[in-house]
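Data first, discussion second: the structure below is written as structure tokens.
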Amino acid sequence: MNSLNASFTQNMSIVRPEYFFIIGLSGIPYSSYYYIFLFITYFITIIGNSVVLLIIAFERNLHSPKYIGVFNLALADIGETNALIPNMMKTFLFDSRYISYNACLVNMFFVFLFSTMQSFTLVVLAYDRLIAICLPLRYHALVNNANMTLILSANWAFNSSVIALMVSLITRLSFCETNEIQSYFCDHGPVYRMACNDNTINRFMGIIITTLYLVIPMIIIILSYLGIFLALNKITTWESRLKALKTCVSHLLLVGSYFLPISCAYIAAFMLSLPPNARVICTSLAYAVPPMLNPIIYVLNTAEIKDIMRKLFKNKSTPSRDNISK
């Protein structure tokens, strides 16, 4: 009975505000131009990734393991952009900086879920390139549509569980001093640092998330490309080496566009004493820009997609025989 009363008293002592206030983008000079840039970024991201999804879905020649991974990446890009930018635009258009407690947790979950799926999908695509170049004769046995679908489904399940645990641990925190989030969305770090009770487990969870979805994926991808370059050195002709390397160009650009900005933002936050607004702009760009670049990279650097786009535009620009006869 005493332990039950103690638990009840502890739960009653948890202070949860009705609303949080997002103040990360307040006080920035010429902020309206930044919001216009975000709107353009959002528009390009949604249109570009939707086009990639439709092309892969309806073109049977692209129903392969590699493009199942690309489809998953485009899906994660759209999800992260929809979880992030519309709330930022709402702040600008309606001067509405408040978000309810439950909506904040939901926003945190989806932003981190889709962002982590981007990271893990790039690892899966690195695995695809590693097997294709290092073990070409065993590629179809090791990497096929069923295996790729199973791997990506397992990633969704695993990431959902980890991020749900991270978000659920926020509910044990009391916010009795402030409810102003020093970020542009319900970011995990700025939220748990506002707590007035012990947040050690939340800090530990933040370290796990950073290690699991940023450090470890980069290490795996670097090791994958070390294996690829060693395999390329065994190829005798330069033409064959370049042909194999060209299949990795798109993936390398995707890796660079995702990991470089967010790594630089983390390093700058730890190594330099950045003003809050500078940190917010750096991290918001690191989250918002890569999903916009990904479809552009694939359309411009993937021969199969370029051929399909060329055929589509050629068919639209070529008049039909019936129109010619008229």
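The values are calculated or read from the model by the stated rules, or taken from the named source; none is laboratory data. Because the structure is a prediction, the values reported are computed rather than measured. Note that we place each Cβ from the backbone using ideal geometry, even for glycine, and neighbour counts take in every protein chain shown. SASA here: full protein model, heavy atoms, side chains in, ligands and nucleic acids out. Shrake-Rupley method; radii C 1.70, N 1.55, O 1.52, S 1.80 Å.
Given R0 = 45 Å, the distance between the Cβ atoms of residue 236 and residue 212 translates into a calculated FRET efficiency of 0.65.
Taking the C-alpha atoms only, the angle from helix 2-12 to the longest principal axis of the chain is near 70 degrees. Taking the Cα atoms only, what angle lies between the long axis of helix 65-94 and the longest principal axis of the chain, rounded to 10 degrees? Helix 65-94 sits roughly 40 degrees off the main axis of the chain. The simple spin-label model puts a point 7 Å past each Cα toward its Cβ; for residue 60 and residue 204 those points are separated by 5.4 nm.
Please give me the summed charge of the neighbours of residue 224: other residues whose Cβ is under 10 Å from its Cβ, Lys and Arg +1, Asp and Glu -1.
Numbers: positive: 129; negative: 128.
For residues surrounding residue 224, the net value is 0.
Extending 7 Å from Cα along the Cβ direction at residue 165 and again at residue 260 yields two label points whose distance is 3.4 nm.
If you place +1 on the Cβ of every Lys and Arg, -1 on the Cβ of every Asp and Glu, and leave all else neutral, what size is the dipole of the chain about its Cα centre, to the nearest 20 Debye? Numbers along the way, then the final one.
Working: 22 positive and 14 negative charges, 236 e Å.
Roughly 1140 debye for the chain.
Mean residue ellipticity, 222 nm, helices only, the chain: the sum of -39500 (n - 2.57) across DSSP H runs of n ≥ 4, divided by residue count and rounded to 500, is -25500 deg cm²/dmol. Relative to the dominant Cα principal axis of the chain, helix 200-210 is inclined by about 10°. Here residue 140 sits with roughly 140 square angstrom of accessible surface, probe radius 1.4 Å.
Within 10 Å of each candidate Cβ there may be at most 16 other Cβ atoms; applying that plus a DSSP loop requirement, which chymotrypsin sites (Phe, Trp or Tyr not before Pro) in region 214-265 survive?
Working: sites: 225, 229, 238, 258, 259; in loops: none.
Loop-located and lightly packed - none at all.
By the scheme Lys and Arg +1, Asp and Glu -1, what is the net charge of all other residues having a beta-carbon under 15 Å from that of residue 121? After counting each charged neighbour, the total is -1.
Can you pull out the trypsin sites (Lys or Arg not before Pro) in region 204-311 that DSSP calls coil and that have at most 16 other Cβ atoms within 10 Å? Don't skip to the answer; put the middle values down first.
Details: sites: 234, 241, 243, 246, 279, 306, 310, 311; in loops: 234.
Answer in residue order: 234.
Among 45, 171, 121, the largest mean-square fluctuation in a Gaussian network model of the chain, built with springs joining Cα atoms closer than 10 Å, belongs to 171.
Modelled spin-label separation between residue 176 and residue 40, with each label point placed 7 Å from Cα along the Cα-to-Cβ direction: 4.9 nm. Per-residue SASA remark: residue 176, around 80 Å² accessible (1.4 Å probe; ligands, DNA and RNA not included).
Computed from phi, the 3J(HN,Hα) profile of region 99-105 under the Karplus parametrisation 6.51, -1.76, 1.60 (θ = phi - 60°) reads 9, 5, 4, 5, 5, 5, 5 Hz, with x in place of Gly and Pro. Taking amide H atoms as placed 1.01 Å from N in the peptide plane, the amide H of residue 180 lies under 5 Å from those of 21, each 5 or more residues away in sequence or on another chain.
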